[in-house]
Amino acid sequence: MEAPVLPILEFQDKIAETVEENPVVVIIGETGSGKSTQLSQILHRRGYTRSGAIAITQPRRVAAVTVARRVASELGVPLGEEVGYAIRFEDRTSNRTCIKYLTDGCLLRESLSNPELNQYSVIILDEAHERSLNTDILLGLMKRLIKRRSSNLKVLITSATLDGVKVSRFFSGCPVLNVPGTLFPVEKLYSTERPTNYVESCLKTALDIHVREPPGDVLIFMTGQDDIDKMVSKLEERIQNLEEGSCIDAIVLPLHGSLPPEMQIRVFSPAPPNCRRFIVATNIAETSLTVDGIVYVIDSGFVKQRQYNPSTGMYSLDVVQISRVQADQRAGRAGRTRPGKCYRLYPKTIYNEEFLDATIPEIQRSSLAGSVLHLKSLSLSDIDILKFDFLDPPSRESLEDALRQLYLIDAIDENGEITDIGKSMAELPLEPSLARTLLEANELGCLSQALTVTAMLSAEVSIHPTRSKNKEKKRKQSFSRIPDGSGWGDHIQLLQVFESWHLADYDPNWCTDNELHVRSMKFSKDVRKQLSQIIQKIAKGSTDVEFGVRQRKSDKDYQKIRRALCKGYGNQLAERMLHHNGYHTLGYRSQLVQVHPSSVLEADEDGQLPDYVVYHELIYTSRPFMRSVCAVEMPWVQPILKKLEKMNIHKLR
DNA sequence: GAGCACTGC
């Protein structure tokens with residue numbers, strides 16, 4: 001079948017000319033413009049691959065793979081030769097590769113060993129309007145690079161209509177090219193007021209569409225799993241109650257991230273004849289997954305967003321209003337196959353006056369310890385981290401928070417200079433506290449255990465509370481099959497769980513039997529392997545990454561690994577308060593917190609929790625909680641408190 | 001005694 005002519009091809013001369021004359025060009029490519037597959041080919045045809053390769057970044061792994069596959073087939077070459085891709089755990093490139101798709105995280109990692117990115121003649125930051133943390137860091141690095149690199153680097157940035165000018169201004173007024181897309185028009189219908197109950201309002205709108213509108217699938221954007229489940233069952237019930245033969249059949253499908261893959265795939269099979277599909281989805285359907293056949297969109301106007309507060313060190317997950325960019329992206333989902341309609345459950349004045357232009361970029365909503373460490377390790381001597389040129393700078397508070405954290409775990413010294421430890425930490429694809437734990441564990445001789453714990457934590461393996469708490473456990477020990485951390489806490493439990501899986505020969509059924517997600521367990525195994533390889537390369541002296549399950553028998557109290565964790569989480573310590581089981585965090589901003597009820601940390605005979613713990617994260621839900629905690633000992637904590645006293649933020653940049 | 005949107009190295 002002949003592929004339709006993509007709009008972007010009509011502009012290829014203009015694009016090539018502009019790139020020739022300018023180091024940086026912003027491309028505003030609407031959905032369906034073909035920018036992701038064509039920009040690289042246009043520049044390839046114009047000879048840009050003679051002096052180096054073309055890198056095209058994507059914020060998501062699947063996108064990098066599918067787009068690379070597509071381009072290879074369009075050029076009629078086998079994937080991995082001239083056209084390839086690189087994502088974590090998978091490098092399908094060769095020395096002949098001249099068009100390389102990769103995740104933004106991968107390009108950032110390449111910049112560690114090659115800060116000038118000399119192998120590339122062109123770097124295209126695709127989907128930059130999504131403003132992922134990694135893309136934002138890359139934008140800042142690109143701005144430096146075009147000034148510094150002696151060879152003729154070309155940078156292209158694709159953006160959305162609403163912030164193209166902003167990106168251009170960031171790159172000293174570089175040209176902005178518009179490439180139209182192939183979307184059909186979408187009619188926007190606003191509510192006259194904000195509904196008091198948006199689940200009910202979604203439900204009513206969905207039924208109205210079903211009864212009144214011609215066939216076509218409906219996509220409903222909601223905030224989370226709970227609301228989706230509620231909506232699905234209510235909608236099914238109401239449709240059943242409709243008069244027989246009054247309208248076509250309907251099926252209702254949920255769609256969110258924690259759904260098992262086989263359930264997610266269901267949305268990709270088209271509706272049977274004479275049947276309308278209702279897809280009730282989270283944000284996942286906004287950019288990550290594209291559902292075909294959608295003609296109607298119902299937009300609640302809300303999204304659930306994780307945010308980091310640098311003044312408390314705490315994360316929270318809040319329901320917030322979407323931005324105009326997001327609202328337009330959601331509406332666009334109705335116009336992929338024919339003209340569609342978008343029902344916005346908010347008045348037009350709210351869209352115009354209350355919604356932000358664009359979503360607050362991730363860089364302003366995350367802890368920046370990892371990113372700051374990365375920038376420090378590029379050892380570009382002129383970098384003052386507080387003056388680094390970001391498209392949207394994070395707050396000073398957030399950067400200072402990152403510097404303090406890095407200092408407390410020995411990644412930078414009291415003058416803000418990166419240390420040898422810090423350099424090694426940056427090599428590890430882990431958040432700084434886990435990287436520090438791993439290095440310390442290698443010194444203490446418990447590397448294998450630390451590899452397991454850090455891999456399990458970075459794969460976010462969640463363990464369901466299967467019985468085994470206090471009373472039941474005392475009644476019958478053999479009842480609980482899943483390890484419980486021996487009272488030391490959640491890190492040790494993760495370690496024991498992985499070791500049990502190892503002893504079960506990594507049988508996937510073992511995971512299912514114990515209510516563990518096979519996907520995340522496998523992921524943690526891959527991470528562990530990757531970490532072992534990296535640490536064997538960077539660590540001097542002996543490294544023992546092999547399992548020592550038997551040898552560990554003498555180490556019943558997990559002294560060494562807990563000690564390593566205490567060092568790594570030097571910035572995430574808490575001390576129990578007298579006479580009760582509340583804690584206050586130890587640091588430059590003390591917070592009152594509690595152990596999350598999901599924790600397996602155990603109290604002693606007197607009902608007292610350990611005096612000192614480290615925590616993986618602070619999360620504010622109904623109250624401030626420490627999630628994933630591990631018991632540590634006072635003597636290990638003392639030196640960190642000493643360091644805290646000495647800290648002077650004014651010297652730390 | 002609580003409950004989690006989505007990505008990525």
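In the stretch A:438-465, the residues that are at positive phi and in the same structural domain as residue A:517 (by TED's automatic domain parsing) reach residues that are more than 14 Å from DNA strand B (Cβ to nearest atom) and not hydrophobic (A, V, I, L, M, F, W, C) with C-beta atoms within less than 7 angstrom, at least six apart or across chains, in these pairs: A:445/A:560. Scan the stretch A:404-448 for residues that are more than 16 Å from DNA strand B (Cβ to nearest atom), open to solvent by 20 Å² or more (accessible area, probe 1.4 Å) and closer than 29 Å to residue A:485 by Cβ and report the count. Going through the stretch A:404-448 one residue at a time, the tally reaches 7. Among the residues of the stretch A:381-399, is there at least one that is in contact with a Ser or Thr (Cβ under 7 Å, 6 or more places away or on another chain), in a loop (DSSP other than H, G, I, E, B) and surrounded by 16 or more Cβ atoms within 10 Å (Cβ to Cβ)? No, the conditions are met nowhere in the stretch A:381-399. Of the set (1) in contact with a Cys (Cβ under 9 Å, 6 or more places away or on another chain); (2) at pLDDT below 95; (3) open to solvent by less than 10 Å² (accessible area, probe 1.4 Å), all apply to residue A:49 but (3).
Answer yes if at least one residue in the stretch A:351-368 is under 16 Å from residue A:222 (Cα atoms), open to solvent by less than 40 Å² (accessible area, probe 1.4 Å) and not assigned by TED's automatic domain parsing to the domain that holds residue A:129, and no otherwise. Looking for residues that are under 16 Å from residue A:222 (Cα atoms), open to solvent by less than 40 Å² (accessible area, probe 1.4 Å) and not assigned by TED's automatic domain parsing to the domain that holds residue A:129, one finds none in the stretch A:351-368, hence no.
Let me confirm something: among A:627, A:589, which residue is among the basic types (Lys, Arg), surrounded by fewer than 22 Cβ atoms within 10 Å (Cβ to Cβ) and at pLDDT 90 or above?
Numbers: A:589 fails: at pLDDT 90 or above.
That would be A:627, the only listed residue that is among the basic types (Lys, Arg), surrounded by fewer than 22 Cβ atoms within 10 Å (Cβ to Cβ) and at pLDDT 90 or above.
Taking the stretch A:183-198, which residues are open to solvent by less than 80 Å² (accessible area, probe 1.4 Å) and at pLDDT 90 or above? The answer is A:186, A:189, A:190, A:191. Of the residues making up the stretch A:306-326, just one is β-branched (Val, Ile, Thr), within 30 Å of residue A:590 (Cα to Cα) and away from DNA strand B (no atom under 11 Å from the Cβ), namely A:312. Quick check, is residue A:180 more than 30 Å from residue A:242 (Cα to Cα), open to solvent by 10 Å² or more (accessible area, probe 1.4 Å) and touching a helix residue (DSSP H, G or I) at 6+ places or on another chain (Cβ under 7 Å)? So residue A:180 passes the test.
Restricting attention to the stretch A:91-100, the residues being more than 23 Å from residue A:62 (Cβ to Cβ) and either at pLDDT 95 or above or of a type in the set (D, E, K, R) (or both) number 1. Being assigned to a strand (DSSP E or B) and open to solvent by 50 Å² or more (accessible area, probe 1.4 Å) narrows it down to one of A:251, A:279, so name that one. Exactly one residue qualifies, and that residue is A:251.
Table: residues versus (1) open to solvent by 40 Å² or more (accessible area, probe 1.4 Å); (2) more than 30 Å from residue A:386 (Cα to Cα); (3) within 16 Å of DNA strand B (Cβ to nearest atom); (4) over 28 Å from the mean Cα position of the chain (by Cα).
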residue	(1), (2), (3), (4)
A:545	no, yes, no, no
A:558	no, yes, no, yes
A:563	yes, yes, no, yes
A:579	yes, yes, yes, yes
A:597	yes, yes, yes, no
A:611	yes, yes, no, yes
A:621	yes, yes, yes, no
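Residues of the stretch A:490-512 include none that is assigned to a helix (DSSP H, G or I), in the same structural domain as residue A:632 (by TED's automatic domain parsing), modelled with pLDDT under 90 and within 16 Å of DNA strand B (Cβ to nearest atom). If the condition is being surrounded by 15 or more Cβ atoms within 10 Å (Cβ to Cβ), more than 10 Å from DNA strand B (Cβ to nearest atom) and of a type in the set (D, E, K, R), then the stretch A:57-90 contributes A:69, A:70, A:81, A:82.
Listed by position, the helices (runs of 4 or more DSSP H) contained in the stretch A:101-175 that have at least 2 residues being farther than 25 Å from residue A:61 by Cβ, among the hydroxyl-bearing types (Ser, Thr, Tyr) and within 13 Å of DNA strand B (Cβ to nearest atom) form an empty set.
Among A:28, A:8, A:54, which is the only one that is away from DNA strand B (no atom under 16 Å from the Cβ), modelled with pLDDT of 95 or more and at negative phi?
Numbers: A:28 fails: modelled with pLDDT of 95 or more; A:8 fails: modelled with pLDDT of 95 or more.
Unique residue meeting the criteria: A:54.
Taken over the stretch A:282-324, residues that are open to solvent by less than 30 Å² (accessible area, probe 1.4 Å) and either in contact with a Cys (Cβ under 8 Å, 6 or more places away or on another chain) or charged (D, E, K, R) (or both) amount to 6. Does at least one position in the stretch A:330-343 carry a residue that is in contact with a Pro (Cβ under 9 Å, 6 or more places away or on another chain), assigned to a strand (DSSP E or B), within 16 Å of DNA strand B (Cβ to nearest atom) and not assigned by TED's automatic domain parsing to the domain that holds residue A:574? No, the conditions are met nowhere in the stretch A:330-343.
Residue A:634: open to solvent by 30 Å² or more (accessible area, probe 1.4 Å) and touching a strand residue (DSSP E or B) at 6+ places or on another chain (Cβ under 7 Å), yes or no? I'd like the intermediate steps shown before the answer.
On the way: open to solvent by 30 Å² or more (accessible area, probe 1.4 Å): yes; touching a strand residue (DSSP E or B) at 6+ places or on another chain (Cβ under 7 Å): yes.
When the stated conditions are applied, residue A:634 passes them.
Got at least one residue in the stretch A:35-50 being among the aliphatic types (A, V, I, L, M), closer than 21 Å to residue A:139 by Cβ, in contact with a Lys or Arg (Cβ under 8 Å, 6 or more places away or on another chain) and not assigned by TED's automatic domain parsing to the domain that holds residue A:284? Taking every residue of the stretch A:35-50 in turn, at least one turns out to be among the aliphatic types (A, V, I, L, M), closer than 21 Å to residue A:139 by Cβ, in contact with a Lys or Arg (Cβ under 8 Å, 6 or more places away or on another chain) and not assigned by TED's automatic domain parsing to the domain that holds residue A:284. Scan the stretch A:594-604 and tell me whether some residue there is in contact with a helix residue (DSSP H, G or I) (Cβ under 6 Å, 6 or more places away or on another chain) and at positive phi. No, because not a single residue in the stretch A:594-604 is in contact with a helix residue (DSSP H, G or I) (Cβ under 6 Å, 6 or more places away or on another chain) and at positive phi.
Among the residues of the stretch A:256-276, those that are loosely packed, with under 14 Cβ neighbours inside 10 Å and within 9 Å of DNA strand B (Cβ to nearest atom) comprise A:257, A:258. Residue A:500 - would you say it is among the small types (Gly, Ala, Ser), under 25 Å from residue A:259 (Cα atoms) and either under 24 Å from the mean Cα position of the chain (by Cα) or surrounded by 15 or more Cβ atoms within 10 Å (Cβ to Cβ) (or both)? Against the criterion (among the small types (Gly, Ala, Ser), under 25 Å from residue A:259 (Cα atoms) and either under 24 Å from the mean Cα position of the chain (by Cα) or surrounded by 15 or more Cβ atoms within 10 Å (Cβ to Cβ) (or both)), residue A:500 does not qualify. The set of residues in the stretch A:12-36 being surrounded by fewer than 22 Cβ atoms within 10 Å (Cβ to Cβ) and part of a helix (DSSP H, G or I) consists of A:12, A:13, A:14, A:16, A:17, A:18, A:20, A:21. May I ask you to list the residues in the stretch A:213-233 that are assigned to a helix (DSSP H, G or I), more than 9 Å from DNA strand B (Cβ to nearest atom) and either open to solvent by 70 Å² or more (accessible area, probe 1.4 Å) or of a type in the set (Phe, Trp, Tyr) (or both)? Selection gives A:229, A:230.
The values are calculated or read from the model by the stated rules, or taken from the named source; none is laboratory data. Keep in mind the model is a prediction, meaning the values are calculated, not measured. When we count neighbours, we look across all protein chains shown, and the Cβ atoms used for this are built from the backbone with ideal geometry, even at glycine. Remember, those area values only see protein heavy atoms, side chains included, never the ligands or the DNA or RNA. Shrake-Rupley method; radii C 1.70, N 1.55, O 1.52, S 1.80 Å.
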